[in-house]
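Undergrad: So that we are looking at the same thing, I have put the structure below in structure tokens.
The values are calculated or read from the model by the stated rules, or taken from the named source; none is laboratory data. Values in this document were obtained by computation on a predicted structure and should not be read as measured data. So basically every Cβ, Gly included, is an ideal-geometry build from the backbone, and we count neighbours across all protein chains shown. These area figures cover heavy atoms from the full protein model, side chains too; ligands, DNA and RNA do not enter into them. Shrake-Rupley method; radii C 1.70, N 1.55, O 1.52, S 1.80 Å.
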Amino acid sequence: MSQRLRFGIFLAPFHKPGINPTLALQSDLDLIQWLDRCGYDEAWLGEHHSAGTELSASPEIMIATAAERTRHIKLGTGVTSVSYHNPLWVAERIVLLDHLTRGRAMLGLGPGSLPTDGAMIGLQQSQTRGLLEDGVAIITKLLTSDEPVTFKNERWDLREARLHLRPYSNPLFDVAVAAVASPTGAKLAGRYGLGMLSVGATTAAGFDALALHWDVLTAEAKAHGKTADRSKWRLVGLCHMAETKEQAYREVEYGIEHWFRYFQQVAAFPQMAVVGNSVAEMIEFINGSGLGAIGTPDACAAQIERLWQQSNGGFGAYLLLAHNWANPSATMRSYELIAREVMPQFQGHAQATLDAARRAKEVRESLAAAQAQAVEDARARYGAEVAKRPA
């Protein structure tokens, strides 16, 4: 791998219903601070309004709070559900964040994943992808042009709309569109020269669609005079790491069952089809299906290598789908292990130190002998000096 792979997190977030929501959200902010300290590149924060598990209603507010507590990590909306919002206000809010964070904000766009969210504002699932297409076109024009936008559909009425502020970033902060199984996200990313967030990259449907997504993106980019850039492609996957496989298995007993039950019984999100009735079956499904990796850091590295091959040319960032399978301390340790042992393998650092150690090992014997001889010679010289001194 010649390029430096970026690492980050896709934070929905998932929390067990009934726990203290204030503490849960605080733990999400604590985690982002830890990732910043560990050297992660990106954190994407979700938007949800129902179902009791994914607690953050505003990625923009979460980003503004996290930005004040971090130094380096970039913070993105993961994703803003475009169909729920007037696109003018989406563009206005991200530009404000771009200024407040001095260029660390990113914009992720999607149709909205929870049908229970849309139902509360009279939105049918049949409408969301069409609204995403309209919204991406409007937002892109507002962000990249000084020309006013006039547009009307069944939900929005824009009249000579334009941004109040121009972006802080030059030429523009990262903008990406979510893609799961359908070609909609890939199509829009290619059409407007945007990045792509493959949110379900490790699901059966998502894994099979990886190469297809890139083909769709490149075809659309070519048709619209844009450049397809693999560095803007981000894949999202699942991992929990510990020092041993047995320890990792014990740690996920804390919360993996709730996570499975959420997708099996609560969230109407058929793309995330997970199978398992017991914790043991759930762990086996994660590892056996390729949906994720529970084990040692080597398992995480193997997962990334598998995705790299399936993508037919690589991608720019690997984002860990945040979860609470383990308790907070074990979860933070997992992220630290990935930073220590996995990230160097994909960022050009591991091989450099391994090569340096190998070269030193090859000459150790001769250099150690020379060093020992140098010490002996110094002793002899000192002995000779002492012998010459007057009694």
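Undergrad: Hey, could you check segment 197-218 for residues that are of a type in the set (A, V, I, L, M, F, W, C) and open to solvent by 60 Å² or more (accessible area, probe 1.4 Å) and say which is nearest to SER113 (Cα to Cα)?
TA: ALA204
Undergrad: Right, next: Restricting to segment 324-367, name every residue that is in a helix (DSSP H, G or I), under 30 Å from PRO17 (Cα atoms) and out of contact with any helix residue (DSSP H, G or I) (no Cβ under 7 Å at 6 or more places or on another chain).
TA: SER329, THR331, ARG333, SER334
Undergrad: Hey, another quick one. Could you identify the single residue in ASP117, ASP134 that is assigned to a helix (DSSP H, G or I) and touching a His at 6+ places or on another chain (Cβ under 6 Å)?
TA: Sole residue among the options that is assigned to a helix (DSSP H, G or I) and touching a His at 6+ places or on another chain (Cβ under 6 Å): ASP117.
Undergrad: So is LEU35 within 21 Å of ALA178 (Cα to Cα) and either at pLDDT 95 or above or among the polar types (S, T, N, Q) (or both) or not?
TA: no
Undergrad: Taking segment 359-391 as the region of interest, how many residues are among the small types (Gly, Ala, Ser) and open to solvent by 100 Å² or more (accessible area, probe 1.4 Å)?
TA: Counting residues in segment 359-391 that are among the small types (Gly, Ala, Ser) and open to solvent by 100 Å² or more (accessible area, probe 1.4 Å) gives 1.
Undergrad: Okay, next question. Return the residues of segment 180-217 that are in a loop (DSSP other than H, G, I, E, B) and either of a type in the set (A, V, I, L, M, F, W, C) or farther than 20 Å from ALA12 by Cα (or both); say none if nothing qualifies.
TA: Once the filter is applied, which keeps residues that are in a loop (DSSP other than H, G, I, E, B) and either of a type in the set (A, V, I, L, M, F, W, C) or farther than 20 Å from ALA12 by Cα (or both), segment 180-217 yields VAL180, ALA181, SER182, PRO183, GLY193, LEU194, VAL199, ALA201.
Undergrad: In addition: Identify, from the list ASN312, ASN327, the residue that is open to solvent by 10 Å² or more (accessible area, probe 1.4 Å) and in contact with an Asp or Glu (Cβ under 8 Å, 6 or more places away or on another chain).
TA: Of the residues listed, the single one that is open to solvent by 10 Å² or more (accessible area, probe 1.4 Å) and in contact with an Asp or Glu (Cβ under 8 Å, 6 or more places away or on another chain) is ASN327.
Undergrad: Still on this structure, I have one more. Could you check how many residues of segment 123-132 are surrounded by fewer than 16 Cβ atoms within 10 Å (Cβ to Cβ) and either within 14 Å of ALA179 (Cα to Cα) or out of contact with any helix residue (DSSP H, G or I) (no Cβ under 8 Å at 6 or more places or on another chain) (or both)?
TA: Total meeting the criteria: 2.
Undergrad: Right, here's the next one. For segment 53-65: of the residues being assigned to a loop (DSSP other than H, G, I, E, B) and hydrophobic (A, V, I, L, M, F, W, C), which is surrounded by the most Cβ atoms within 10 Å (Cβ to Cβ)?
TA: Once the filter is applied, the top-ranked residue is LEU55.
Undergrad: Quick check, is VAL90 modelled with pLDDT of 95 or more, of a type in the set (A, V, I, L, M, F, W, C) and open to solvent by 20 Å² or more (accessible area, probe 1.4 Å)?
TA: The answer is no for VAL90.
Undergrad: May I ask you to list the residues in segment 298-323 that are more than 14 Å from GLY237 (Cα to Cα) and part of a helix (DSSP H, G or I)?
TA: Residues satisfying the conditions are ASP298, GLN309.
Undergrad: Here's something else I'd like to know. How about segment 36-52: which of its residues are over 11 Å from the mean Cα position of the chain (by Cα) and buried (at least 22 other Cβ atoms within 10 Å of the Cβ)?
TA: Of everything in segment 36-52, those that are over 11 Å from the mean Cα position of the chain (by Cα) and buried (at least 22 other Cβ atoms within 10 Å of the Cβ) turn out to be GLY46, GLU47, HIS48.
Undergrad: Output the residues belonging to segment 105-122 that are more than 19 Å from VAL177 (Cβ to Cβ) and open to solvent by less than 30 Å² (accessible area, probe 1.4 Å).
TA: Within segment 105-122, none qualify.
Undergrad: Output yes when any residue across segment 157-179 is surrounded by 23 or more Cβ atoms within 10 Å (Cβ to Cβ), outside any helix (DSSP H, G or I) and without any contact (Cβ under 8 Å) to a residue 40 or more places away in the chain, and no when none is.
TA: yes
Undergrad: Please work out which one of (1) under 27 Å from the mean Cα position of the chain (by Cα); (2) without any contact (Cβ under 8 Å) to a residue 24 or more places away in the chain is the condition SER366 fails and give its number.
TA: (1)
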